[in-house]
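Asks: Here you go, one structure.
FYI, it's all coordinate maths here, none of it is from the lab. This structure is a prediction, so every number in the text was calculated from the model and none was measured. Cβ coordinates were reconstructed from backbone atoms using ideal geometry, including for glycine residues, and neighbour counts include every protein chain displayed.
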Amino acid sequence: MLATPGQNPVFRFAPSPNGLLHLGHALSAILNHDMAQKSSGRLLLRIEDIDLTRCTPDYEEAIHRDLRWLGLSWEEPVRRQSEHFPDYAAALERLAEMDLVYPAFLTRGEVKARVGAFEAAGRPWPRDPDSSPVYPDDDKRRSNEERRRLIAAGVRHAWRLDMQKAIAMVGRPLTWRETGDGSQVMVAVNPTAWGDVILSRSDAPSSYHLSVVVDDALQGITHVVRGLDLYHATSVHRLLQELLGLTEPVYHHHRLILGADGRKLSKSEQSTGLAALRQAGASPADIRRRIGL
């Protein structure tokens, strides 16, 4: 369902505190801020820290410091995903009740070996839009009895969405509203390209896909403004929104800031880090010029 017509637009900037912000983050944050102001809307800040091993309070403090230096402001309180794991668990349980998830036991090494052997025989293994191998269907074919036995034995596992079942349950083609090129177009959803995506892991109670759609709905987000690297992931998000009865925001996927090698910036790129640029004497106006704003 679409957000209620006529309501004030709600935007969000949602970084992960697993490194320092760079110019690419600045573009996304400033676009969200400026679009919210232009539309008399609201801007929220969300800290996406479901990865408890890599995210740290120091990086979270640095995010606040960099954004304030850029002259940005947002509503309080800030939502931290690590404080809302029960919300994601409830969504996962709803999908389980619909028989749309299954426990996946294959390790990364086992998947790599399976794919390697398949491709060594001259047969291409399907890959998702991020070029990662699509997960094998071994675990999907296991009996419920075998699944219970493995779980009882303490075998580590993730929970994956049965993509074919999920698409069949929706029963109709899906689209999303995209405004990234300056006009609104309807984009056809193609979640099958991702295979059976992870929704929860043993080391992270929720995945990005699940937590982001739950958070956007709970926070009343009407406009999701983010980089083109997440364009194809929107297919998965629209499918989950439909299955869970969550509101559908408008999407705006903006250009990426690329490094000298032509690749998307990384948090390890010190030369493009906002803190390093600030210490080198750059001003917020300099940052806007460097990212084309």
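Asks: Residues of the stretch 83-93 being touching a helix residue (DSSP H, G or I) at 6+ places or on another chain (Cβ under 6 Å) and either more than 12 Å from Ser200 (Cβ to Cβ) or of a type in the set (A, V, I, L, M) (or both), which ones? Give the derivation first.
Replies: At the first step, the residues of the stretch 83-93 found to be touching a helix residue (DSSP H, G or I) at 6+ places or on another chain (Cβ under 6 Å) are 87-88, 91.
Selection gives Asp87, Ala91.
Asks: Take the stretch 181-216 and flag every residue that is out of contact with any helix residue (DSSP H, G or I) (no Cβ under 8 Å at 6 or more places or on another chain), small (Gly, Ala, Ser) and buried (at least 16 other Cβ atoms within 10 Å of the Cβ).
Replies: Ala204, Ser207
Asks: Another one. Which residue is surrounded by the most Cβ atoms within 10 Å (Cβ to Cβ), if the candidates are limited to the stretch 217-271 and must be β-branched (Val, Ile, Thr) and assigned to a loop (DSSP other than H, G, I, E, B)? Explain how you work it out, then say what you get.
Replies: First pass over the stretch 217-271, keeping only residues β-branched (Val, Ile, Thr): 221-222, 224-225, 234, 236, 247, 250, 257.
Now narrow it down to the ones that are assigned to a loop (DSSP other than H, G, I, E, B): 221-222, 247, 257.
Working: Ile221: 24, Thr222: 22, Thr247: 16, Ile257: 20.
Residue satisfying both the conditions and the ranking: Ile221.
Asks: Considering only the stretch 75-101, state which residues are touching a residue at least 12 places away in the same chain (Cβ under 8 Å) and of a type outside the set (A, V, I, L, M, F, W, C).
Replies: Once the filter is applied, which keeps residues that are touching a residue at least 12 places away in the same chain (Cβ under 8 Å) and of a type outside the set (A, V, I, L, M, F, W, C), the stretch 75-101 yields Glu75, Arg79, Arg80, Gln81, Ser82, His84, Asp87, Tyr88, Arg94, Asp99.
Asks: Can you find, within the stretch 18-29, the residue that is nearest to Tyr251 (Cα to Cα) among those that are touching a Phe, Trp or Tyr at 6+ places or on another chain (Cβ under 9 Å) and either free of Cβ contacts under 8 Å to residues at least 12 places away in the same chain or surrounded by fewer than 23 Cβ atoms within 10 Å (Cβ to Cβ) (or both)?
Replies: Looking at residues that are touching a Phe, Trp or Tyr at 6+ places or on another chain (Cβ under 9 Å) and either free of Cβ contacts under 8 Å to residues at least 12 places away in the same chain or surrounded by fewer than 23 Cβ atoms within 10 Å (Cβ to Cβ) (or both), I get Ser28.
Asks: Continuing with the same structure: Quickly run through the stretch 35-57 and pick out the residues that are part of a helix (DSSP H, G or I) and in contact (Cβ under 8 Å) with a residue 24 or more places away in the chain. Walk me through how you get there before you give the answer.
Replies: Start the filter on the stretch 35-57 by keeping residues that are part of a helix (DSSP H, G or I), which leaves 35-38, 57.
Within the stretch 35-57, Met35, Ala36, Pro57 meet the criteria.
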